[in-house]
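Here's the structure we're looking at; comments come further down.
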Amino acid sequence: MAEVPLAARMRPRTFDDFVGQRHLFGPGKALTALLEGGHLPSMILWGPAGTGKTTLAYLLAEAVGSDLVQLSAVSSGVADARKVMERAKGGMVRTVLFVDEVHRWSKSQQDVLLPAVEDGTITLIGATTENPYFSLVTPLLSRTLLLRLEPLSDAEVRTLLERALADEDRGLGKLGVAVEPEALDHLVEIAGGDARIALTGLEAAVLAARSAGEDTVTRDVAADAVQKKAIVYDRQGDAHYDVISAFIKSIRGSDPDASLFWLARMIEAGEDPRYIARRMVVHASEDIGMADPRALLVAVAAAQAVEYVGLPEARLNLAEAAIYLARAPKSNSVIQALGRATEDARSADPVPLHLKEPGHPSLRKLGYGKGYKYPHDFPGHRVEQEYRPVRFEGRRYYEPSGEGEEREGPQP
């Protein structure tokens with residue numbers, strides 16, 4: 001039988017051992033008050049990996065004397081859930097059904113849980129790394145308490161590592177291997193608030209040092225054991241939307257360095273470069289627009305380069321476009337103008353007769369095209385006439401921002 005990983009061995013057995021998430025329980029917290037009264041409502045635990053969702057589910061169930069049955073939405077389905085709910089009906093002890101990665105169940109699968117949650121047959125604890133407002137059905141959310149778990153702080157991760165090093169029962173204390181402070185610093189940094197990554201890295205580093213006959217884990221040994229920092233990013237989850245939002249807001253805020261930071265994170269995390277390029281094409285018109293019309297050309301060129309060149313080389317094209325867009329003058333006059341025009345365009349006012357196409361003599365008799373002034377017949381190939389329904393005459397939609405090429409007068 002394979003040895004249980006350190007992260008599993010060090011799983012807290014009591015709330016006193018639980019590290020982090022102090023905004024959820026403790027003196028004066030609502031969750032603690034519920035538990036002290038023997039009440040455990042159905043809930044959704046939402047947060048990044050390695051923040052204690054599974055551990056918290058077990059501790060909560062134990063606190064109220066309930067039996068916990070765990071299912072993984074990856075490997076189980078409706079039939080497994082139904083079996084648990086059927087057994088729970090005749091049980092003497094309240095059953096807590098813990099569904100890990102509950103967002104992976106389809107909406108119809110989630111609906112199966114509703115009756116049992118509604119009548120109290122089971123207490124549901126669902127764990128998800130994705131935004132439940134997008135991934136879970138509304139009826140399930142309305143019947144559960146939503147708790148948000150946060151990434152562990154550096155100090156909290158360090159506490160877990162030091163605890164594992166000192167523990168001679170479940171941890172690494174018996175191995176007699178010391179870890180330099182710089183090595184711990186590295187493990188904390190690469191963890192990104194994920195306790196599982198930190199403990200797994202620590203175990204790998206200690207075992208690597210021991211195999212080499214060393215009694216100390218140096219920073220180099222730790223770096224070699226865990227060579228790449230974990231990037232907290234899920235292309236289908238919150239980070240996908242949060243990071244692209246930060247990227248666009250950095251460009252809008254004219255900060256090329258921040259724009260490059262978020263671009264690099266997306267590329268390193270494996271985001272689809274076509275998605276990044278598409279968002280820059282939209283941004284070029286939405287936030288730069290007529291202040292620098294070339295921005296759209298640059299963004300479109302970057303999108304074409306992604307298709308033509310592909311990664312990794314196309315990251316240079318994306319970076320160039322991001323820098324250009326960030327440095328460009330900003331104007332939202334295009335989206336503002338379109339919004340104002342759209343409000344009026346939703347009317348049912350007919351096209352004015354003089355603008356209609358008289359493609360047939362009978363239509364001309366009805367007044368189609370009558371009074372239309374052909375601009376090329378006038379000086380400068382321009383003539384004043386109304387091009388909208390009468391009630392919208394003179395209404396102005398496009399208002400130059402005064403930035404960049406939208407400034408009036410000669411340009412510097």
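Of the candidates 149, 136, the single residue that is under 30 Å from residue 186 (Cβ atoms) and crowded, with 19+ Cβ neighbours inside 10 Å is 149. Output the residues belonging to the range 166-182 that are among the β-branched types (Val, Ile, Thr) and more than 16 Å from residue 223 (Cα to Cα). Once the filter is applied, which keeps residues that are among the β-branched types (Val, Ile, Thr) and more than 16 Å from residue 223 (Cα to Cα), the range 166-182 yields only 177. Taking the conditions exactly as written (part of a helix (DSSP H, G or I), closer than 15 Å to residue 159 by Cβ and touching a Gly at 6+ places or on another chain (Cβ under 7 Å)), does residue 187 satisfy them or not? The answer is yes for residue 187. Scanning the range 5-42 for residues that are within 28 Å of the chain's Cα centre (by Cα), farther than 28 Å from residue 167 by Cα and surrounded by 13 or more Cβ atoms within 10 Å (Cβ to Cβ) returns 29, 31, 41, 42.
Output yes when any residue across the range 189-198 is among the basic types (Lys, Arg), surrounded by 15 or more Cβ atoms within 10 Å (Cβ to Cβ) and not assigned by TED's automatic domain parsing to the domain that holds residue 47, and no when none is. There is at least one residue in the range 189-198 that is among the basic types (Lys, Arg), surrounded by 15 or more Cβ atoms within 10 Å (Cβ to Cβ) and not assigned by TED's automatic domain parsing to the domain that holds residue 47.
Taking (1) part of a loop (DSSP other than H, G, I, E, B); (2) farther than 21 Å from residue 60 by Cβ; (3) not aromatic (Phe, Trp, Tyr) in turn, residue 79 satisfies each apart from (1). Within the span defined as the range 25-34, every residue fails to be out of contact with any His (no Cβ under 7 Å at 6 or more places or on another chain), hydrophobic (A, V, I, L, M, F, W, C) and modelled with pLDDT of 85 or more.
Scanning the range 219-243 for residues that are surrounded by fewer than 17 Cβ atoms within 10 Å (Cβ to Cβ) and at pLDDT 85 or above gives a single hit, 220.
Can you find a residue in the range 88-108 that is surrounded by fewer than 17 Cβ atoms within 10 Å (Cβ to Cβ), at pLDDT 90 or above and under 27 Å from the mean Cα position of the chain (by Cα)? Looking through the range 88-108, none of the residues is surrounded by fewer than 17 Cβ atoms within 10 Å (Cβ to Cβ), at pLDDT 90 or above and under 27 Å from the mean Cα position of the chain (by Cα).
For every residue, the table says whether it meets (1) assigned to a helix (DSSP H, G or I); (2) closer than 30 Å to residue 116 by Cα; (3) modelled with pLDDT of 90 or more.
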{"position": "140", "(1), (2), (3)": "yes, yes, yes"}
{"position": "158", "(1), (2), (3)": "yes, no, yes"}
{"position": "174", "(1), (2), (3)": "yes, no, no"}
{"position": "202", "(1), (2), (3)": "yes, no, yes"}
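The values are calculated or read from the model by the stated rules, or taken from the named source; none is laboratory data. Nothing here was measured: the structure is a model prediction, and the numbers come from that model. FYI the Cβ positions are ideal-geometry reconstructions off the backbone, even for glycines, and counts take in every protein chain you see.
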